[in-house]
Every structure is written in C-alpha cells, then in structure tokens.
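The values are calculated or read from the model by the stated rules, or taken from the named source; none is laboratory data. Bear in mind the structure is a predicted one, so any value in this text is a computation, not a measurement. FYI the Cβ positions are ideal-geometry reconstructions off the backbone, even for glycines, and counts take in every protein chain you see. Keep in mind that these areas ignore ligands, DNA and RNA; they rest on the heavy atoms of the full protein, side chains included. Shrake-Rupley method; radii C 1.70, N 1.55, O 1.52, S 1.80 Å.
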Amino acid sequence: MSNSTQVNNNEKPTRRKTGVVKQSFKSESVYLSMRKTPGTNLNNAMYRMGELFKMTSRSHDKQLHNQLVEWFNTEVLIPAELEIASLESQLAALRDDSDSGIEFISIKNPDMFLEIDIIHKSHIQILSLLTKVDFLMEDIELLLLSNIDDDDGIEESSRTNMNLIINNMSRKIFTVTKPGKRNGGAFSAVYFIQQLQQGVFSLFPEIGTTLPSDSSENQPNIETENVSEILNSDSPNNELNADQPELAKAV
C-alpha cells in the first residue's frame, strides 16, 4: 500500500515507480487491522520512509542515508522483532494449554488479501515482519477455535500485542516526520532532509529535549522529477537550500 493507493484501493495519481503485490493474509485479526486505520497509517508511514531512502540514496551526501538506515533498523525493525518474540511466547503458552483433543482436517479461510504498493525495499522489510505476525496470529486463532481454556486472557493479550506491533512501526516514523516539527504544513521529504543536513534536529534526540520547529508554514509543491536535480546540485556539501520548495505531498 502506498499513499497513492489507499487500502480501499481508491484511484489516486501515482507519483513514483511503483510495484504492486497481492498480499494474502491467513489471520483474520491481521487482515482486518490492515484494511482499516492501522493499515492505512502503516501505508502512509512506509511511503514517507520510502521517499526519504530513495532521495538520500541518490544524493552525494551518503552520511544522511546511512543515518536514516541506522535509525530505521534501530527504532523500527529491531523493536518489532522483539515484540514479535513476545507474541511467539504467547502462542507457546496457548499450545501448552491445548488439550481439547480436536484435530482439524482442514482450515477454510475467506478471501483475505490486499494489493500493496512498493516504492522501496524498506516496504519489503516491513511486509516480512507483518508476515511473521500473520502466521503467529493464525496459529493463535486456530488454537482458539479448538475451544481451549484461556483463563489468563492470552487471546486478548495477543491481539493487543499484534496491534501494538503494527501501530508502533507507524508511530515511530510519524513521530520523527510529523508536521508539528515545522509548525504545521504537510510532510516534505526535501524539507526533512534539509533539516537533518542543517542539524536543526536529530533522529536520536536526547531524552527530555524537544526538537526545534521552523517558523515557515506551507511551501509550494514541486514535481517529483525535480528532486534529483535538487539533491545533485553543486551547492557546498550538497546541502539543500532553505528556500527550496517541498516535494509533492506524501501524505
């Protein structure tokens, strides 16, 4: 899913080269979550990251790209893996309590799939994590179908953890890139990179500090094809000019 194609598949203009995959889901819980607000939020968050990765990878200043990669791995991917491990523990606890004696000869699932837009390999990394969650939740749902006892509320806890994994990935991206960091206005990949280059704020701020915001408000849009010209300019240190207009809105 990209910002150009919402979860409900409403037709919107495509701004970047986009691959579309048909993602099948085995868990009703994950599928229902991804077709609603959590899925839309994750879609928009990943589009932001995809634009930032693509722009910085094409820039002569690779330090910013490496900084983004480090942040994405440290703050998004690794914590999600740890949360998935917690979900695995909940599945193991349910299996230990499974003594109903019921063995299903087959499992019938409704059609559960979404068309997901891919603009950068970081989307694939998120989808890989989502697939792990999907498989775990499917096993949990099957155990619950067998009418096992769940006196400890593992079912509810597992669904809560599932939603936390999905929502946390979106929240961490939006927290760093949210418009509030610039006193309003739509997300701008160009503006965001410019602020990192100028040291206005850090991806890893010290605890207890607030990120300064810019006094400017909305900036006019530019066409996506002009981005490479901006990033590959001959300006000192390849920094973006503070007067540069923003990239076409990502959200």
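In the set (1) open to solvent by 10 Å² or more (accessible area, probe 1.4 Å); (2) among the aliphatic types (A, V, I, L, M); (3) at pLDDT below 95, L77 fails one condition alone, (3). If you go through the range 21-48 and keep only what is exposed (fewer than 14 other Cβ atoms within 10 Å of the Cβ) and more than 17 Å from R159 (Cβ to Cβ), you end up with K22, S24. Residue pairs whose Cβ atoms lie under 7 Å apart, sitting 6 or more positions apart in sequence or on different chains, and linking a residue in the range 178-202 that is farther than 18 Å from Y47 by Cβ to a partner that is at pLDDT 80 or above and of a type in the set (A, V, I, L, M, F, W, C), are L196/L64; Q197/L64. Residues in the range 80-97 that are modelled with pLDDT of 95 or more and open to solvent by less than 10 Å² (accessible area, probe 1.4 Å) were compared, and the one that is farthest from L196 (Cα to Cα) is I84.
With respect to the conditions (1) loosely packed, with under 15 Cβ neighbours inside 10 Å; (2) more than 15 Å from the chain's Cα centre (by Cα); (3) of a type in the set (A, V, I, L, M), I124 lacks only one, and its number is (2). Considered as a group, the residues in the range 18-72 that are touching a helix residue (DSSP H, G or I) at 6+ places or on another chain (Cβ under 6 Å) and without any contact (Cβ under 8 Å) to a residue 24 or more places away in the chain include one that is farthest from L87 (Cα to Cα), and that residue is S57. Considering only residues in the range 34-69 that are over 20 Å from D117 (Cβ atoms) and hydroxyl-bearing (S, T, Y), the one that is modelled with the highest pLDDT turns out to be T56.
E51 passes every criterion in (1) of a type in the set (D, E); (2) open to solvent by 20 Å² or more (accessible area, probe 1.4 Å); (3) over 17 Å from F25 (Cβ atoms) apart from (2).
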